Amino acid sequence: MNNNPYKVIPGEIYDIVQESPLIRTLRIRPERPIPFKTGQFIELSLPDIGEGPFTPSSSHFISDVMDVTIMKTGFLTDHIHQTKKGDRIGIRGPFGSNYPLDKFAGKDLLILGGGCGLAPLRSLFLTLIHEIEKYKSITFLAGAKSPKDCLFKESVEEWRRYSKVKFLRTVDEVPSDEKWSETVGVATVLLKEVKIDPKTSPAVVCGPPIMMKYGTMDLLKLGFREENIYLSMEKKMYCGFGQCRHCVIGEHYACKDGPVFPYSQIKNEEDIWE
Ligand SMILES: Cc1cc2nc3c(=O)[nH]c(=O)nc-3n(C[C@H](O)[C@H](O)[C@H](O)COP(=O)(O)OP(=O)(O)OC[C@H]3O[C@@H](n4cnc5c(N)ncnc54)[C@H](O)[C@@H]3O)c2cc1C
């Protein structure tokens, strides 16, 4: 990363994809490449508005441009959603831990995500398929509230063409004016489709806290090992590198020890699902 963690690298938004009513992907060209490892996060800033942590949703094999997928939830993200092609945006980082790809090599990998939690998981998935020969298989289970809330719709068919990839989607409900021919139910219902050996397979989970909690509990019931379940923890954080202490999880800092933690490392800490 940068030697100076406070240094903001300016970038230009060169494209915007409206993924769902509340979520859009900004495609950013920074003034200089920003190498990162999949799972790490950056701090994104708008002048005179503020700054917040977000995870790149693009492959870590690409560093001259970066996708960031952002849900509108409040003041900062509302302003980010008002940006247009050609606008400037600042990037600090990258910060924090990444997904341990070396531990995934040669394995059947399970990815479970919901809502905007699919942002870092898209980065992971695109990074994995860049070197698909290294992995035995990838089962990617994705949840959304309704069909119109599904992310990365334009990529689904392409992702399903990989023989080693099983990509399944579910939605919580199907409003009468929307069409859907895939599963209906919360993200964890897709776990019954998992055919890989839980004892030896790594699993990666990211999504709303309630999904992370029940997803992890269900994975444990299926026989996945605590140390093989990787969680992306989205605690409230500001500085990004362990100075402001907003993101402590017990004795860990979500920003510098995480955001990616094996469940075994944080399972005894209080309030990890809040
Ligand atoms: C490591 C990490 C990666 C993240 N990656 C993404 C991502 O890829 N896409 C995405 O849409 N969101 C991501 N988030 C969440 C994102 O940072 C917040 O939604 C955003 O900062 C909210 O700012 P706001 O002013 O719009 O909302 P606010 O009105 O301030 O708050 C809305 C919600 O966002 C939470 N929030 C506010 N400030 C922060 C903060 N500094 N850190 C974390 N949460 C905050 C609040 O607790 C509240 O639940 C990530 C958070 C973390 C910690």
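Computed from the coordinates by the stated procedures, all read-outs in this text should not be read as laboratory data. Treat the numbers as computed from the prediction; the structure is a model and nothing was measured. Note: ideal-geometry Cβ built from the backbone for every residue, glycine included; neighbour counts use all protein chains shown.
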Problem set entry | HN-Hα J in Hz across segment 82-94 - Karplus 6.51, -1.76, 1.60, θ = phi - 60°, x for Gly and Pro | 8, 5, 10, 3, x, 6, 9, 8, x, 10, 10, x, x
For this session: Answer rounded, prolate or oblate for segment 129-274, using the Cα gyration tensor with square roots of eigenvalues a ≥ b ≥ c: rounded when a/c is under 1.5, else prolate when a/b is larger than b/c, else oblate.
Result: prolate
Problem set entry | Reach of Lys164 by Cα under 13 Å, taken over aspartates and glutamates that are not fewer than 8 positions away in the same chain | Asp108, Glu131, Glu133
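In percent, what relative contact order does segment 101-266 have, based on Cα pairs under 8 Å that are 6 or more apart in sequence?
Working: 286 pairs, mean separation 34.8, N = 166.
RCO, segment 101-266: 21 percent.
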Exercise. So how much slack lies between Lys85 and Lys213, counting 0.36 nm per residue of separation and subtracting their Cα-Cα distance, in nm?
Worked result: 42.4 nm
Seminar exercise, completed: Plugging the Cβ-Cβ distance of Glu193 and Glu269 into 1/(1 + (r/R0)^6) at R0 = 41 Å yields, to the nearest 0.05, a FRET efficiency of 0.85
Problem set entry | Inter-probe distance in nm under a simple model that places probes 7 Å from Cα toward Cβ, at Ser155 and Lys7 | 2.9 nm
Seminar exercise, completed: Cross-link reach from Lys256 to aspartates and glutamates, straight Cα distance under 14 Å and at least 8 residues apart if same chain, gives Glu43, Glu234
Problem set entry | Size of the chain as Cα extents on the principal axes (Å, biggest first) | 48, 47, 36
Exercise. Which value at 222 nm does the chain reach when only helices count, each DSSP H run of 4 or more adding -39,500 (n - 2.57), with the total divided by all residues and rounded to the nearest 500 deg cm²/dmol?
Worked result: -4500 deg cm²/dmol
Problem set entry | Segment Lys103-Val174, extension gain: residue separation times 0.36 nm, minus the distance between their alpha carbons | 21.8 nm
Seminar exercise, completed: By the rule of no other cysteine beta carbon under 4.7 Å, the lone cysteines of the chain are Cys116, Cys150, Cys206, Cys247, Cys255
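For Thr200 and His246, what does the FRET efficiency come to when R0 = 41 Å and r is the distance between their Cβ atoms, rounded to the nearest 0.05? Working shown, then result.
On the way: r = 37 Å, r/R0 = 0.90.
Computed FRET efficiency for Thr200 and His246: 0.65.
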Seminar exercise, completed: For segment 9-95, inverting the pair-averaged 1/r of distinct alpha-carbon atoms gives a Kirkwood value in Å of 12.7 Å
Exercise. If you look at just the Cα atoms of segment 1-159, how large are its Rg and its Dmax in Å?
Worked result: 15.5, 47
